[in-house]
Each structure stands twice: as structure tokens, then as C-alpha cells.
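Report on one structure; see the data block that follows.
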Amino acid sequence: MANIVEQQFEAYEATAQAGTTRPPYRFPDIDLQTPTSLPTQKQISRALHRITAADLMQDLVNSAPVAASWHISCSLPGSGSWLHTMPYVNRVSAKTWRTMFCLRMMAPIPEATGIDRCVPGCSCTGWQLQLGFHWMSGCEKLSYNTVRHNAVAAVLRKLFKKIGWETRFKEQAGWVVGAPDLRPYDVPARPNSSTPWMGIDVAVADPSRHGYLSSGQRYFKKAAAAARYVHKKQTKYNRLLTRHSIRYLVNYTPLGFEVTGGFSKKVCSLLSDLLESEEAAKATLSATEWSWSAMGLPAYFQQAISFEIVRMTALSVQNGIRRAQAAAISRPAGSDSD
Ligand SMILES: [Zn+2]
């Protein structure tokens, strides 16, 4: 018994470093004279499961760091939410659904079998092609990054509308004095005209892009890819403020997501603040929205955002595969050049 406790704490050390686990389960004090004080079978199994999970993580970190980053991102809140949506409501083809699923499982995409290089002008030739990972965001030639980003902004806009906040399209107002072409916020929103705007800037990061790791880091810890992107956005915004002034009172709010559909902590707390507010209590879901499996606004929007991110990511991958196949057909036989 003592051995399990010890192992559990060791395992906790390992995964806590990876930033991906809860504290170890605390056994009740064990008194061998009182058998009823012994942990239940369920408590012991839970501890053993955590040891197994921690061992697995340690293996991944050592042998397949991208898989470690991916696994951690797949355990973020929101990341698996799209799996709970009803397929008949979300009109995606079976092929798209399969791609979404393969990406999550890090399984080869059937359509990508045999593809050994990307399109002309892109130098990628590696394993990222079979897994589709190359086209999630990193391809130099093909990506749906902007489309995915806009899809998330559209869901957030719908959310604000639902709870009665005023929103604007980023194009509609000259936010930056003297530079109407600059649009630092994707979704400006406010509860009423006497409050400052919340200037939401959406950032969807890809934790499989290890080229963005700081030196000495082997993989992305929990939500670290999203945090990196948010930091980049904040720095850019600060730079903008040194050169321009903003016409209205705006609280800049960069929000970090990951391509697995996962949310950063800030997204989670913002969603729960908004959706547990008085305004949200008055909001209702329409009949078609109810046919998602979500039983309330918070779950509904968590699913909707997660689904949009993963759907757009899968579409981007499918597009990449099609283009790479087309390029392979038009390439002269035996040609090795781009
Ligand atoms: Zn490429």
C-alpha cells in the first residue's frame, strides 16, 4: 500500500512538470487494525490509473515530444467538447468527421496515404504529411488559419448577441485614431453604452509546431502554445499603443485557443463569467440549438467553439491533401525538383 502511495507521488512529480495532471489522490489514514479505514478498490484503481498516465506522458516526452504536446493539448478544457455534438446537427461530411477524429487520435489520414511531399514551394516531406499535421497551420503555402480564426470570432459574436451585449464587426468602426485600416479587435463587445468595450482578439495556436518552442524546451506544456501566441498578440498591441491612440475606451482581451479545440484558462473563466451572468440567465437556446447535446449555454458555446476550430482544421488538412495529390499528378515522372 505504502508503495502505491509513493509511486503515485513520483508519478505526480513527472506529470506536474508536464503541467497536465491533478494533485495525487489522497488516501485516508490507514490503520490496519480497522479494515474499514482502508481505501476502496475504486480509490486504489484511480491512483494506479494516474501512475499509468504519468508513465505514458514521461515516455512521450522522451520519445515523441510532438505527441506529448498534442496529448496535453487534447486534455485541455474544450478540446474534446466537439465530440459531444450531434452529428446530424453539424453538417459535416463523414470524410470531414473522420479527418477530425484522425487528427485527435494522431492517426494517419487514409486519404494522405502515399503522399510524400507537399505542393511546389513548400519544402515539407516528413511524417507530418501522413498525419495531416502539416496542414493544420504550418504549411508555407496552404492553410485556413484566417478562416478558422474568423469562424471562432463568429461564434463569439453570436454568444454576445445571445446575452444581449452590443457587438460590432471589426471593420465597422475606426477604432484607431488616424489609422482606420488597423483593426486590433476581432469582436468588440460591451454590455451597454456606458461601459468600456471588451476588445476580443482571437488566437488559435498549434501545439504541434515545435519550431516555436523556446530553446531548451522539448514540448509545449498545458496551454503553453496558446499562451505564447497571446503574448505575441499583446506585444503587438502594446506596440500599436505607443504609436496610435484608441478612439474609445477598450479593454484589450486576447483569447488563446489551440487547434485541438482546447481553451486557455482565461477563455474558460471568461466564458463562465459571461454565461453565468444575469444576462445569460435570461437567454434561451432555440430548438435547433437544443438539438446539440449541450444542456445549457456554457456547454453549448464550449461545444460550438471547439467544433468550429476542429472542423476548420480538418477542412484545411483535406484541402492540403487534395492540393498535394494534384501536385504529385502534374509532377513529371522521376522528377525530384520542386
Ligand atoms: Zn506544405
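The values are calculated or read from the model by the stated rules, or taken from the named source; none is laboratory data. No experiment lies behind these values; they were computed from the predicted model shown. Cβ: placed from backbone, ideal geometry, glycine included. Neighbour counts: every protein chain shown.
Which condition number in (1) modelled with pLDDT under 95; (2) touching a Leu at 6+ places or on another chain (Cβ under 6 Å); (3) over 26 Å from Ser194 (Cβ atoms) is the one that Gly262 fails?
Of the numbered conditions (1) modelled with pLDDT under 95; (2) touching a Leu at 6+ places or on another chain (Cβ under 6 Å); (3) over 26 Å from Ser194 (Cβ atoms), the odd one out for Gly262 is (1).
Does Asp206 count as touching a Leu at 6+ places or on another chain (Cβ under 9 Å) and acidic (Asp, Glu)?
For Asp206, the condition - touching a Leu at 6+ places or on another chain (Cβ under 9 Å) and acidic (Asp, Glu) - is not met.
Which pairs turn up if I take residues in region 116-127 that are within 15 Å of Arg331 (Cα to Cα) and part of a loop (DSSP other than H, G, I, E, B) and look for partners that are near the ligand (Cβ under 9 Å from one of its atoms) and modelled with pLDDT under 90 with beta carbon separation below 6 Å, at least 6 apart in sequence or on another chain?
The qualifying pairs are Cys118/Cys124; Cys122/Glu140.
From the list Val119, Val92, Val147, exactly one residue is within 11 Å of the ligand (Cβ to nearest atom), out of contact with any Asp or Glu (no Cβ under 7 Å at 6 or more places or on another chain) and β-branched (Val, Ile, Thr). Which is it?
Val119
Would you point out the residue of region 98-115, among those that are part of a helix (DSSP H, G or I) and free of Cβ contacts under 8 Å to residues at least 60 places away in the same chain, that is surrounded by the most Cβ atoms within 10 Å (Cβ to Cβ)?
Here the residue is Cys102.
Across region 106-116, which residue is farthest from the ligand (Cβ to nearest atom) among those that are farther than 20 Å from Ser73 by Cα and of a type outside the set (Val, Ile, Thr)?
If we take residues in region 106-116 being farther than 20 Å from Ser73 by Cα and of a type outside the set (Val, Ile, Thr), then Pro110 is farthest from the ligand (Cβ to nearest atom).
Condition check ((1) at pLDDT 95 or above; (2) surrounded by 23 or more Cβ atoms within 10 Å (Cβ to Cβ); (3) within 16 Å of the ligand (Cβ to nearest atom)) across all residues:
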site: Phe169; (1), (2), (3): no, no, no
site: Ser194; (1), (2), (3): no, no, no
site: Ala203; (1), (2), (3): yes, yes, no
site: Tyr229; (1), (2), (3): yes, no, no
site: Thr235; (1), (2), (3): yes, no, no
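Considering Leu249, Leu213, Leu182, Leu241, which residue is touching a His at 6+ places or on another chain (Cβ under 8 Å), among the aliphatic types (A, V, I, L, M) and surrounded by fewer than 20 Cβ atoms within 10 Å (Cβ to Cβ)? Spell out how you get there, then give the answer.
Working: Leu249 fails: touching a His at 6+ places or on another chain (Cβ under 8 Å); Leu213 fails: touching a His at 6+ places or on another chain (Cβ under 8 Å); Leu241 fails: touching a His at 6+ places or on another chain (Cβ under 8 Å).
From the options Leu249, Leu213, Leu182, Leu241, the qualifying one is Leu182.
So is Ser79 under 21 Å from Pro207 (Cβ atoms), modelled with pLDDT of 90 or more, in the same structural domain as Pro108 (by TED's automatic domain parsing) and part of a loop (DSSP other than H, G, I, E, B) or not?
yes
Considering region 216-227 alone, what residues qualify as being surrounded by fewer than 20 Cβ atoms within 10 Å (Cβ to Cβ) and of a type outside the set (Lys, Arg)?
Answer for region 216-227, where residues must be surrounded by fewer than 20 Cβ atoms within 10 Å (Cβ to Cβ) and of a type outside the set (Lys, Arg): Gly216, Gln217, Ala227.
Can you say whether Val202 is within 28 Å of Ser137 (Cβ to Cβ), touching a His at 6+ places or on another chain (Cβ under 9 Å), assigned by TED's automatic domain parsing to the domain that holds Trp135 and touching a residue at least 60 places away in the same chain (Cβ under 8 Å), as far as the supplied structure shows? Steps first, please.
Working: within 28 Å of Ser137 (Cβ to Cβ): yes; touching a His at 6+ places or on another chain (Cβ under 9 Å): yes; assigned by TED's automatic domain parsing to the domain that holds Trp135: yes; touching a residue at least 60 places away in the same chain (Cβ under 8 Å): no.
No; evaluated as a whole, the condition is false for this residue.
For the structure I just gave you, tell me whether Ser73 is assigned by TED's automatic domain parsing to the domain that holds Trp135, buried (at least 17 other Cβ atoms within 10 Å of the Cβ) and either among the charged types (D, E, K, R) or assigned to a loop (DSSP other than H, G, I, E, B) (or both).
no
Each row is one residue, and each column tells you yes or no for (1) buried (at least 20 other Cβ atoms within 10 Å of the Cβ); (2) in a helix (DSSP H, G or I); (3) under 18 Å from the mean Cα position of the chain (by Cα).
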{"site": "Leu129", "(1), (2), (3)": "yes, no, no"}
{"site": "Glu140", "(1), (2), (3)": "no, no, no"}
{"site": "Val147", "(1), (2), (3)": "no, yes, yes"}
{"site": "Leu156", "(1), (2), (3)": "yes, yes, yes"}
{"site": "Lys161", "(1), (2), (3)": "no, yes, no"}
{"site": "Gly178", "(1), (2), (3)": "no, no, no"}
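Do we find that Ser45 is within 25 Å of Lys265 (Cα to Cα), of a type outside the set (A, V, I, L, M, F, W, C) and at pLDDT 75 or above in this structure?
In short, no.
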